[in-house]
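Input: a single structure, listed below in structure tokens.
The values are calculated or read from the model by the stated rules, or taken from the named source; none is laboratory data. Computed from a prediction, not measured in an experiment: that's the story for all the values here. A quick note on method: Cβ atoms are made from the backbone with ideal geometry, for glycine too, and the neighbour counts reach across all protein chains shown. In case anyone asks, the SASA skips ligands and DNA or RNA and just uses the protein heavy atoms, side chains included. Shrake-Rupley method; radii C 1.70, N 1.55, O 1.52, S 1.80 Å.
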Amino acid sequence: MTSDETIVTQTQNTWCPGCGNFAIQHAMKFVIQELEAEGMARDHFVLVSGIGCHAKIADYFQLNSFYSLHGRTIPVATGIKMANPNLKVICFAGDGDLYAEGLDHLIHAAKRNLDITVICHNNRVYGLTTGQYTPTSPYGYQGKSTPNGLHEYPLNIIELLLGAGATFVSRAYTRRLPHLKRIFKEAIMHQGFAHVDVLQICASFFNATTWYDERVYETNESNAGLFEFACRTAKQWNYNDDTKIPIGIFFQTRKPVLPEKKIQKEVDRGVIVKKILEKAT
Amino acid sequence: MTEYSVLIGGKAGDGIAQAGQLIASIFSDLGYYVYQYVDYPSLIRGGHNFCIIRAAEKPVFTHRTGVDLILALDQKTADLHIHNLTTQGTVIYDSPKVKSEGQALAINEILAQYKGRPIMGNTAMVGGFCGCVGIPWSLVEAVIRKKLPKETDLNLLIAREAYSRITRCISVQPVEGASPRPLLSGNEWIGLGLLAGGIDAYVAYPMTPSSGVLHFLASVADEAGIDVVHPESEIAVILMALGFAYAGKKTAVGTSGGGFCLMTEGVSLAGMAELPIVIVLSQRGGPSTGLPTYTAQSDLLFTCHAGQGEFPRFIAAPATPLEAFWWAAEAVQLAWKLQIPTFILSDKTFSEGIYTPEAEPEIRATTPLPAPSYPYKRYADTPDGVSPILVPPYSGEVVKVNSYMHDYSGITSEDPEMTVAMVQKRLRKAEKLATMTDQPGAVVCGGSVKAKTAILCWGSPRGVCSEVADELGLRLVSPVVLSPFPAGEFRRSMQGVEKVILVEDSSTGQLDKVLAREGYRTDELILRYDGRPFAVEELVERVRRVAS
Ligand SMILES: Cc1ncc(C[n+]2csc(CCOP(=O)(O)OP(=O)(O)O)c2C)c(N)n1
Ligand code: SF4
Ligand SMILES: [Mg+2]
């Protein structure tokens, strides 16, 4: 079998036709194969997914995976990475999953700066539960749980991540495939916590294709090292208003990555228990 | 039996627990078995804190109401406890702050003399105690040097001064032929057992009364070569731990009721994804925030049932240091042998009580886990339901775990036949677990083992129940393993019993409900739910009233 055939499972794909998740899967497949060609072992990748349409990606890749709980990709990925720093751990999360149910973990992961990659399939709805609003749905959004329109403004996730201290903050769009691939690769290669907010088309509940196509542009990344600059780029679109939507790497910097040490050390437990008992005597 | 009880009390911030531990260490150095009860409200300054240190020539795991010596660093200590003084007992009190009978110790004067800090008043009181009971100064000095590594010389001057100011009134003799024993809290005994069982990581969010495990393991993490992580919440705790487990690292978590509520979705995930995990659950008074620093046994049924769906789990409630050590290690091993969540169910009384062990702890050898076959399937069907674990990375194989119902390779499946196969696989693991754990040691018997009236208990009340059973000539039956219920061992322990008295720190008698399912009936319930554990004298009275 070719690498192309062995990297996916035989599982029947159940995403809706036109769903942006196909682009995410395709781009990720491309990047993993490219990284493999550059010498990274395929068995070192571990995919962690939440629960939602996005999460099915775990079933579709013939790669190590932990199909976890709604909102909990990050703590699972953190445990895996701490246990074995040699693994390349990538979270596939939904916007409901990551920005609602599990938002605390996201902020803390950014603060912790562990070397993991987080991909948010941000379709701005709860896809799998049929289209309720999420933290990034626009003001006035009418879903089954908000029939009279949503009375909350969306979270500007990019600003939130910058505020939390993330060392790689980016946005991509499922209909800009080459750009999506590049951002994925840079995020995976980044040493530290990397976040990609992917504007993902939901064909069934939030089809913003034309709207995005007209507004999305690739931002100049030459100032991505400057925090003030990143904040300004982040403000260009607040996930609500009718403005241009920058995509690309907003901010990238180096900070100490959470020290990963310890459990490699082999210590005779009998000896250590004796030592502790002696000290307590 | 020679035994002594000493009560030391003061305000929170007076260093009562530390002084109590010094006294406990001194008794241990003299060759006594020691138990220390620690009673404190949930605040950092003020309030009334006290410890009761009980030293005896045979192992003790509970306190008595009657005390031989009261060491009063505040007025409340004298006022609240003076009526518990035994006939030969006396009081040492901080004069002139405290008014009492007994011997005055001018602690402020001593501190002023040596320019000590106020907190060192507790060292002065320990010195006074040692003088009062005639402990050789060389022993006092050795213990202080070992246990107070900071400002040792100043502490010694203060202790020595207090020691010489007090008149000797009780004589405590060393136990002949006995040597000092290690003195650790229940939480530390559990932590030590986890280490012995082979944990690679411990993940926890602080919550009384379980934090002692976290603090202990963090303090030895470097020398033991383990990871100790304190993340943002209990939800993060259990999911991180499951991440560790997926990556092949033996991991335990610890919490109390409130934190465990947050963990339950993760417990159920462990059941479905078949990931090994050890959960140390130390109960405190509930519901809700309840009584943070006081005891309860009201989470037994919660622990038995927490998490949606049906999956096997193991629960052990140790009552002594050796049991905590042994069952914590066993919980790690069982979790990995069967890929299930396992629990060490403790409570405030056990977790924060301080104990010398009843015998020397032994580390048992561990057996290797079965090897997988290839091509690898994470949930491969096997006769006993246990699919061998493969740890990623493994060249050419993938390891997929899943919270959804899944097929043998870990890919989501809602197929009815596959669902039945997976449910039955988990049921077979439950059967295997039951045969592995319904073994000698799963139920502890004591007292008059032929008596027709039995005191039944689980967890920390065993210490007091076993003394009461001895005193009243009753049988003691106490399951350590609570899930799966060790039906065979329990039946054997109950042979010939006609009357059952259940003692539990709850308001409903939760073990009674567990036993009802097993076809047993209890005749009398002695329940306590004021957050305080029974002392021997109190329980003797309660049991005597219903026993005949
Ligand atoms: C704790 C919990 N609450 C609720 C659900 C139900 N649920 C499943 S998917 C989902 C929303 C998914 O939305 P999102 O994360 O945005 O993913 P998408 O389907 O849009 O990819 C919800 C609420 C769940 N599985 N677990
Ligand atoms: S509901 Fe939306 S997100 Fe889910 S598969 Fe369909 S198009 Fe994709
Ligand atoms: Mg979504």
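Do we find a residue being at negative phi, in a helix (DSSP H, G or I), over 16 Å from the mean Cα position of the chain (by Cα) and away from ligand 2 (no atom under 16 Å from the Cβ) anywhere in segment A:85-99? No, because not a single residue in segment A:85-99 is at negative phi, in a helix (DSSP H, G or I), over 16 Å from the mean Cα position of the chain (by Cα) and away from ligand 2 (no atom under 16 Å from the Cβ).
Residue by residue, here is whether (1) of a type outside the set (A, V, I, L, M, F, W, C); (2) surrounded by fewer than 24 Cβ atoms within 10 Å (Cβ to Cβ); (3) under 26 Å from A:D241 (Cα atoms) holds:
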residue	(1), (2), (3)
A:Y153	yes, yes, yes
A:G165	yes, yes, yes
A:F168	no, no, yes
A:K185	yes, yes, no
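Whether any residue in segment B:407-425 is open to solvent by 10 Å² or more (accessible area, probe 1.4 Å) and within 22 Å of the chain's Cα centre (by Cα) is what I want to check. Within segment B:407-425 (the criterion being open to solvent by 10 Å² or more (accessible area, probe 1.4 Å) and within 22 Å of the chain's Cα centre (by Cα)), the answer is no, since none of the residues qualifies. Tell me whether segment A:75-84 contains one or more residues that are under 18 Å from A:R112 (Cα atoms), β-branched (V, I, T), in contact with a Ser or Thr (Cβ under 7 Å, 6 or more places away or on another chain) and within 7 Å of another protein chain (Cβ to nearest Cβ). Yes, the conditions are met somewhere in segment A:75-84.
Identify the residue in segment B:498-526 that is surrounded by fewer than 16 Cβ atoms within 10 Å (Cβ to Cβ) and not acidic (D, E) and, among all such residues, is nearest to B:G290 (Cα to Cα).
Step one: list which residues in segment B:498-526 are surrounded by fewer than 16 Cβ atoms within 10 Å (Cβ to Cβ), which gives B:498, B:507-508, B:513, B:516-519, B:521, B:523.
Within this subset, residues satisfying the condition of being not acidic (D, E) are B:507-508, B:513, B:516-517, B:519, B:521.
Working: B:S507: 14, B:T508: 16, B:K513: 23, B:A516: 28, B:R517: 29, B:G519: 33, B:R521: 30 Å.
Checking each candidate, the answer is B:S507.
For segment A:21-52, what are the residues that are in a helix (DSSP H, G or I) and within 13 Å of chain B (Cβ to nearest Cβ)? Once the filter is applied, which keeps residues that are in a helix (DSSP H, G or I) and within 13 Å of chain B (Cβ to nearest Cβ), segment A:21-52 yields A:I32, A:E36, A:R42, A:D43, A:H44. What tally of residues in segment A:53-84 results from selecting those that are within 16 Å of A:H195 (Cα to Cα) and in a loop (DSSP other than H, G, I, E, B)? Of the residues in that region, 2 qualify. Only residues that are open to solvent by 10 Å² or more (accessible area, probe 1.4 Å) and within 11 Å of chain A (Cβ to nearest Cβ) were counted across segment B:247-260, and they come to 3.
Considering only residues that are among the aliphatic types (A, V, I, L, M) and in a loop (DSSP other than H, G, I, E, B), look in segment B:327-382 and name the one that is surrounded by the fewest Cβ atoms within 10 Å (Cβ to Cβ). Write out each step before concluding.
First pass over segment B:327-382, keeping only residues among the aliphatic types (A, V, I, L, M): B:328-329, B:331-332, B:334-335, B:338, B:340, B:344-345, B:354, B:359, B:363, B:365, B:369, B:371, B:380.
With the extra rule that they be in a loop (DSSP other than H, G, I, E, B), the set shrinks to B:340, B:359, B:363, B:365, B:369, B:371, B:380.
Working: B:I340: 23, B:A359: 10, B:I363: 21, B:A365: 5, B:L369: 14, B:A371: 9, B:A380: 15.
Restricting to residues being among the aliphatic types (A, V, I, L, M) and in a loop (DSSP other than H, G, I, E, B), the top hit is B:A365.
Filtering segment A:102-134 down to residues that are within 12 Å of ligand 3 (Cβ to nearest atom) and surrounded by fewer than 20 Cβ atoms within 10 Å (Cβ to Cβ), which residue is nearest to A:R232 (Cα to Cα)? Taking the candidates together, the pick is A:Q132. Could you list, in sequence order, all residues of segment A:165-205 that are within 16 Å of ligand 2 (Cβ to nearest atom) and either of a type in the set (D, E) or within 14 Å of chain B (Cβ to nearest Cβ) (or both)? Answer for segment A:165-205, where residues must be within 16 Å of ligand 2 (Cβ to nearest atom) and either of a type in the set (D, E) or within 14 Å of chain B (Cβ to nearest Cβ) (or both): just A:D197. Screening segment B:56-158 for strands (runs of 3 or more DSSP E) wholly inside it with 2 or more residues that are open to solvent by less than 10 Å² (accessible area, probe 1.4 Å) returns the ranges B:67-72, B:85-94.
Per this entry, B:S219 is not counted among residues that are among the polar types (S, T, N, Q), in a loop (DSSP other than H, G, I, E, B), surrounded by fewer than 19 Cβ atoms within 10 Å (Cβ to Cβ) and within 14 Å of chain A (Cβ to nearest Cβ). Here B:S42 fulfils each of the conditions (1) in contact with a Ser or Thr (Cβ under 6 Å, 6 or more places away or on another chain); (2) at pLDDT 95 or above apart from (2).
This table checks each residue for (1) farther than 21 Å from B:V91 by Cβ; (2) crowded, with 24+ Cβ neighbours inside 10 Å.
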residue	(1), (2)
B:T2	yes, no
B:L7	no, yes
B:Q18	no, no
B:I26	no, yes
B:Y32	yes, yes
B:Q36	no, yes
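Applying a threshold of 8 Å to beta carbon distances and a minimum spacing of six or more residues, or different chains, the list of pairs starting in segment B:385-408 at a residue that is assigned to a strand (DSSP E or B) and ending at one that is open to solvent by 10 Å² or more (accessible area, probe 1.4 Å) and of a type in the set (S, T, N, Q) reads B:K400/B:S409; B:N402/B:T412; B:H406/B:T412; B:H406/B:S413.
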